[in-house]
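Heads up, the thing below is written out as structure tokens.
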Amino acid sequence: MTQSFDTPLPPPKERRRLRELGSLTQAQLAARLGVSRETVRAWETGRSTPSGRKRESYGNLLASLAAVRPPAEVTVPQGPEPAPVLTVSLSKAAPDPEPSTPTPAAAPTPAQAFDALYAFCAPALVRQAYLLTGRRELARESVEQAFQVAWQRWPEVAVDPDPASWVRATAYEYALSPWHRFRPRYRHPEPPPADASDRALLDVLLTLPPPYRRTLLLYDGVGLGLPETAAETEASTPAAASRLLHARSAIAERLPDLAEPEVLHHRLAETASTERLRAAKPPTVRIESERRARFWTRAAIAITVAIIGATALTLHTAPTRYEPPVPPGETVPGVPPKAAPGTLSTAELTLRAKLRAESANGPEKLLPEPR
């Protein structure tokens, strides 16, 4: 008698969602099934499918996770290491007093949905940004800036299939911006971590090029698959794989103890967790986002009014008819040029001496003499 192991499995994305719904990391799920973390990642990305007893065990485990809670409508992944995800239900059903009486669902307000997303993702994003930059203040600023942009564009972010990835990509772009080096507050390095091993790992990370550092953190730190990592870094899958291999080899060359991906994953999580990195409260971020939006709106209005005023003044003072320019002066023929004063002649000198010698006062007066 033969036993069949053709257990039906949900789609790859549903497998990952059920694992996160059960508060399990890929490493924990792999330990339960007796496989490696890379195998579980391949199952969740659709690159491979389990068979035999592994398929039956995997299917039974996913079925038990699905029976714990009803499926959520929005899932937000956690970083820097895989952790339980936040499930934000778009509808919250109230208890029915009677089975036959339907109760309308109450949807959360935009502020409540934003606060739930921020409270779950912000602490992990601050730790990830710290691994990217090595600066605590810049890590907090990057996350707050990303969520401020998300609140300004909340209608777009709320309907995004993965709002956490949207915010994470915005925070990474801000943290890795090359313009921070020109800011006075970020010209000098911050104090390194107290632990020597954490300090060595952070030094190696900061020597990597920013795209390599980001790819390594997304794949080995957050736990994304290679296609998801390539999509978030706006690179092709072969390019993302090449960056990942070069980053791993650079770390293994200087820190041989971290050559294994599993060990590197845990060390990244430990290094980021040792620092006390706290983000601001969600209401503070929303208020600052609204204040900044009002400031830029008023600035745009002021600039527009200034442009309109300058245009009106120009139109008011501009000439209404054409005035030809004044041509340059021309020499009139036949008129001798005006001579400049020069040396007096003998006759002029004699006349001047006579005028000075004669009396200037009295009844006498000079009479011209004919010559």
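Summed over the stretch 26-41, the residues that are closer than 16 Å to HIS265 by Cβ and either in a helix (DSSP H, G or I) or within 31 Å of the chain's Cα centre (by Cα) (or both) give a count of 11. Per the conditions (1) over 30 Å from ASP203 (Cβ atoms); (2) open to solvent by less than 80 Å² (accessible area, probe 1.4 Å); (3) under 23 Å from the mean Cα position of the chain (by Cα), the sole criterion not satisfied by ILE287 is (2). In the stretch 27-49 there is at least one residue that is open to solvent by 60 Å² or more (accessible area, probe 1.4 Å), within 20 Å of GLU228 (Cα to Cα) and at pLDDT below 80. Looking for whichever is of a type in the set (A, V, I, L, M, F, W, C) and in contact with a Gly (Cβ under 7 Å, 6 or more places away or on another chain) here; the options are LEU226, LEU218, LEU202. Which one fits? None of the other options fit; the residue is LEU202.
Residues checked against (1) more than 30 Å from TRP43 (Cα to Cα); (2) open to solvent by 70 Å² or more (accessible area, probe 1.4 Å); (3) free of Cβ contacts under 8 Å to residues at least 60 places away in the same chain; (4) part of a loop (DSSP other than H, G, I, E, B):
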{"site": "ARG140", "(1), (2), (3), (4)": "yes, no, no, no"}
{"site": "HIS188", "(1), (2), (3), (4)": "yes, yes, yes, yes"}
{"site": "ARG199", "(1), (2), (3), (4)": "yes, yes, yes, no"}
{"site": "TYR212", "(1), (2), (3), (4)": "no, no, yes, no"}
{"site": "GLY221", "(1), (2), (3), (4)": "no, no, no, no"}
{"site": "PRO238", "(1), (2), (3), (4)": "no, yes, yes, no"}
{"site": "ARG243", "(1), (2), (3), (4)": "no, no, yes, no"}
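So PRO8 clears everything in (1) under 25 Å from PRO161 (Cβ atoms); (2) surrounded by fewer than 17 Cβ atoms within 10 Å (Cβ to Cβ); (3) at pLDDT below 80; (4) in contact with a helix residue (DSSP H, G or I) (Cβ under 7 Å, 6 or more places away or on another chain) except one condition, right? Which one? For PRO8, the exception is condition (3).
Can you find a residue in the stretch 320-329 that is outside any loop (DSSP other than H, G, I, E, B) and at negative phi? Checked the stretch 320-329: no residue is outside any loop (DSSP other than H, G, I, E, B) and at negative phi. Looking across the stretch 250-262, the residues that are open to solvent by less than 60 Å² (accessible area, probe 1.4 Å) and in a helix (DSSP H, G or I) come down to ALA250, ILE251, ALA252, LEU258, PRO261. Report yes if some residue within the stretch 146-160 is assigned to a helix (DSSP H, G or I) and over 17 Å from the mean Cα position of the chain (by Cα); otherwise report no. Yes, the conditions are met somewhere in the stretch 146-160. Quick check, is ALA269 of a type in the set (A, V, I, L, M) and in a helix (DSSP H, G or I)? Against the criterion (of a type in the set (A, V, I, L, M) and in a helix (DSSP H, G or I)), ALA269 qualifies.
Summed over the stretch 166-180, the residues that are part of a helix (DSSP H, G or I) and either modelled with pLDDT of 90 or more or within 15 Å of SER289 (Cβ to Cβ) (or both) give a count of 10.
The values are calculated or read from the model by the stated rules, or taken from the named source; none is laboratory data. Note that the structure is a prediction, hence the values are computed from the model and not measured. As a convention, Cβ positions derive from the backbone with ideal geometry for all residues, glycine included, and neighbour counts pool all protein chains shown. The area values use the complete protein model at the heavy-atom level, side chains included, leaving out ligands, DNA and RNA. Shrake-Rupley method; radii C 1.70, N 1.55, O 1.52, S 1.80 Å.
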